[in-house]
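Some notes on the structure that comes next.
The values are calculated or read from the model by the stated rules, or taken from the named source; none is laboratory data. Here the structure is a predicted model, which means the values were calculated and not measured. For neighbour counting, all protein chains shown are included, and Cβ atoms are generated from backbone atoms with ideal geometry for every residue, glycine included. Heavy atoms of the whole protein, side chains included, go into the accessibility calculation; ligands, DNA and RNA do not. Shrake-Rupley method; radii C 1.70, N 1.55, O 1.52, S 1.80 Å.
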Amino acid sequence: MGMNRPTFLRRLCLNSLAVVMQRTVKLTLPSDEVLVKTIKFYNEVCNEVLKVAFEARTHSKSRVHRLTYRGIRQKYPSLQSSMVQCLRDQACDMLKREKLERLPQKKPYSSIRYNQRIFKPYLQKGIVSLSTIEGRVKIAVSIPRCYEQYIDWQVKSATLSYDVRLQKLRLHLVVKKETPQKLERNSVLGVDSGILNHAVLSNNVFFASNHIRAVKGSYQFLRQKLQALGTRSAKRLLRKRSGREKRFQADVNHRIAKLVVAQPFNVIALEKLEVKKVKKNGKRFNRKLGNWAWRQLQRHVEYKAEALGKTVVYVNPAYTSKTCSRCGQIGTRKGLVFKCKHCGFQLNADLNAARNIALRGKLLLEQASVNEPNAPLQHASQPKAEATCKPPLSRGGS
Ligand SMILES: [Zn+2]
């Protein structure tokens, strides 16, 4: 199954909330002849690359690399390879911006790019290290007071330019930091599963299951073919395939669980599925009971939440998909949409169910704190206050 991990993970992360703050820190460097020469030289070479790429009608970094890298390195041995890469990337971005309609040119002292290999910031020490055409230099910088708050942020990129009129070297750093997640006390996240979504969270995060279903479908197709064959080698292959399918699902669950527990909530509410499969449960619920993948996801969430010191509560799952998460009355579910006759509320049915699960989790917490203010929660898995030597309970899973 040729789905590479990063793409898939990116798809999973799309809806999650890693909010990154970004700022630009503008510094002035003390005058330095070598740096000024480096800027001028870089821009001259960049113009050469721009010309070659423009004539070849391309702004693809890999194509421009093949066209220019070796020649540039031979012609200008004093330019470090990372610097050649930086100017190539910058040239490609300029051509892309112009849509190859016109040949852009760099001015002699316009800003040049530094990537992480040729630029190292030691802002807390007030030093930056930069590559030049004469090797690496360390330069003392004074950080203006207004930028002091950013000295422990991660530096994402750096550009250096020279202001000829004022005779000043300017170093601009783009710095980033992940926003701190604000946790309310006893904020509850509800988690539900649906048909189109492997998991739906009450804070509007969806983990679509189309990829999972596609992969499983292809396994099933193969399984049927192998079963029909019935030969010994087909049976062997069948066993191998079923192991691979299980590992695929476990891997997906592992990654989804990680993203679920990373949400800014300290309590996670799941449906209690430890009941017998009986007809009055309803089709939807029985399907979940039979779905080992979904139960596995619940277990993963539980372990990982525990490791982070978060609490997991299990709620009664009856009518979570038929109850209105706004007014609490019984409504109807048609296909993907939940509709409430009483208050007119409409919502994605899985999201409505996830919100009901969150509401029940909240209720459970409130009841627990009313009955016994200091007692541990029922059904809750909380990290023990004191370390014990006992091995953790094994959870039945074959
Ligand atoms: Zn309603």
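Checked against (1) assigned to a loop (DSSP other than H, G, I, E, B); (2) crowded, with 17+ Cβ neighbours inside 10 Å; (3) of a type in the set (A, V, I, L, M), VAL45 passes all but condition (1). Taking residues in segment 63-82 that are among the polar types (S, T, N, Q), and partners anywhere that are surrounded by 15 or more Cβ atoms within 10 Å (Cβ to Cβ) and in a helix (DSSP H, G or I), the pairs with Cβ atoms closer than 6 Å and at least 6 places apart or on different chains are THR68/VAL49; THR68/VAL52.
Scanning segment 330-350 for residues that are open to solvent by 10 Å² or more (accessible area, probe 1.4 Å), aliphatic (A, V, I, L, M) and more than 13 Å from the ligand (Cβ to nearest atom) yields LEU336, VAL337. Considering segment 341-358 alone, what residues qualify as being in contact with a helix residue (DSSP H, G or I) (Cβ under 9 Å, 6 or more places away or on another chain) and part of a loop (DSSP other than H, G, I, E, B)? Selection gives PHE345 alone. For first residues located in segment 330-343 and in contact (Cβ under 8 Å) with a residue 12 or more places away in the chain and small (Gly, Ala, Ser), partners that are assigned to a loop (DSSP other than H, G, I, E, B) and near the ligand (Cβ under 9 Å from one of its atoms) and lie 6+ apart or on another chain with Cβ distances below 8 Å form the pairs GLY331/CYS324; GLY331/CYS340; GLY331/LYS341; GLY331/HIS342; GLY331/PHE345.
One residue alone among GLU98, GLU134, GLU48, GLU44 is of a type in the set (D, E, K, R) and in contact with a helix residue (DSSP H, G or I) (Cβ under 7 Å, 6 or more places away or on another chain), and that residue is GLU134. Give segment 163-218 a look and list any residue that's under 17 Å from the mean Cα position of the chain (by Cα) and either acidic (Asp, Glu) or modelled with pLDDT under 80 (or both), or say none. Listed by number, the residues that qualify are GLU178, THR179, PRO180, GLN181. Taken over segment 35-51, residues that are aliphatic (A, V, I, L, M) and either touching a Gly at 6+ places or on another chain (Cβ under 9 Å) or under 14 Å from GLN90 (Cβ atoms) (or both) amount to 4.
Within segment 118-142, the set of residues being more than 22 Å from LYS37 (Cβ to Cβ) and either surrounded by fewer than 16 Cβ atoms within 10 Å (Cβ to Cβ) or in contact with a Cys (Cβ under 8 Å, 6 or more places away or on another chain) (or both) comprises TYR122, GLN124, LYS125, GLY126, SER142.
Could you go through segment 152-159 and let me know if any residue there is more than 32 Å from the chain's Cα centre (by Cα), open to solvent by less than 40 Å² (accessible area, probe 1.4 Å), closer than 26 Å to ALA53 by Cα and among the aliphatic types (A, V, I, L, M). Looking through segment 152-159, none of the residues is more than 32 Å from the chain's Cα centre (by Cα), open to solvent by less than 40 Å² (accessible area, probe 1.4 Å), closer than 26 Å to ALA53 by Cα and among the aliphatic types (A, V, I, L, M). Any idea which of PRO108, PRO77 is at pLDDT 95 or above, part of a loop (DSSP other than H, G, I, E, B) and surrounded by fewer than 18 Cβ atoms within 10 Å (Cβ to Cβ)? Matching residue, one of PRO108, PRO77: PRO108.
Considering only residues of segment 301-329 that are among the hydroxyl-bearing types (Ser, Thr, Tyr) and open to solvent by 30 Å² or more (accessible area, probe 1.4 Å), which is farthest from the ligand (Cβ to nearest atom)?
TYR303
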